[in-house]
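Structure, as structure tokens:
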Amino acid sequence: MGIPPGVSAAAAAEGLGEPLIEAVVRRAPRLLGGRPVHLYEEGFVLVRGARVRRWADVTHWRSTVDVHIKVADERHDIAWYTLGHRHRLRFGDGTEQGFLLDEWQIEVGTADQERPENRRIRSVVDHVRQRVADAQVPALLDRIEAGRQVTFGPLTADAHGVFVPGGRPVHRWADLREPCLDIDVPDWPVPSSWWLRPRDARLSLRGQDGHGDPHRTEVPAWEVVNWCALVTLWKRLRDR
């Protein structure tokens, strides 16, 4: 369908750079469609009203990947699933905005996750997450270097490392591997529990304790506010 002229004009006026992809504000039945939002290098434009927001102005960011079972044909032992990238943003003025990007469906038990369309969607999501994180990290580093703590939902970080829920030991920056998303995908036959609700990705923290023994913490990714900024902090602080 292309980008509406009003959206292109608004993006150009605000210097948002090149267009990346079209997302939707919420999932809706196919016949009803969904309100579109156009993502750019430096922000996004809502089609309704051509409202512009910049990634650099995001203060709170929730991001996860949901796994949805889409179709199944038990007679032919075939099922498909979709990875859905779900985001919720809060800006400095207190307003919030969400958007969704669903990948092309994948047959259960195959390795066609690497189809070009899905690689492109993941590349866009990675760009946006990193752009938000790059804008947030300088202020977070200032707080840490001043001897203060910063929070990421249930996680707390300081100059030494990351504290995890439930009073469990801290993950020291130097002993921590890069935090990453763990995404469960189904296998055939698809368990009935997969049909009840989407599976949410988890943010995984892996490292070693003071005795060199491996330990691992997993937290639902949606609960960890600004988790990409946490990953960027790890990259800055691990070698200090």
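The values are calculated or read from the model by the stated rules, or taken from the named source; none is laboratory data. Everything numeric here is computed off the predicted structure, so don't read it as measured data. Cβ placement follows ideal geometry from the backbone for every residue including glycine, while neighbour counts extend to all protein chains displayed. These area figures cover heavy atoms from the full protein model, side chains too; ligands, DNA and RNA do not enter into them. Shrake-Rupley method; radii C 1.70, N 1.55, O 1.52, S 1.80 Å.
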* Environment charge of Ala139, counting only residues whose C-beta is closer than 12 Å and scoring Lys/Arg +1, Asp/Glu -1 -> -1
* Structure fact -> Expressed as a percent, the accessible surface of the chain that is carbon or sulfur, using a 1.4 Å probe and the full set of protein chains, is 49
* **Size of charge dipole - the chain - debye, nearest 20, with Cβ of Lys, Arg +1 and Asp, Glu -1, no other charges** => 600
* Rel. contact order, % - alpha carbon contacts under 8 angstrom, at least six apart, segment 37-131 -> 21
* Which order do the peptides 13-21, 42-50 take when ranked by the mean count of other beta-carbon atoms within 10 Å per residue, highest first? => 42-50, 13-21
* Over the chain, calculate the relative contact order: mean separation of alpha carbon pairs under 8 Å at least 6 apart, over the residue count, as a percent. => 17
* Solvent-accessible area per residue for the chain at a 1.4 Å probe radius, Å²? -> 54
* Just check the chain against the gyration tensor rule for me: Cα atoms, a ≥ b ≥ c as the square roots of the eigenvalues, rounded for a/c under 1.5, and otherwise prolate or oblate depending on whether a/b exceeds b/c. => oblate
* To do: Determine, for each peptide in 82-88, 142-148, 128-134, 56-62, the mean count of other beta carbons within 10 angstrom over its residues, then list the peptides with the highest first.
  => 128-134, 82-88, 56-62, 142-148
* Structure fact -> Scoring segment 99-163 by relative contact order with C-alpha pairs under 8 Å, at least six apart, yields a percentage of 15
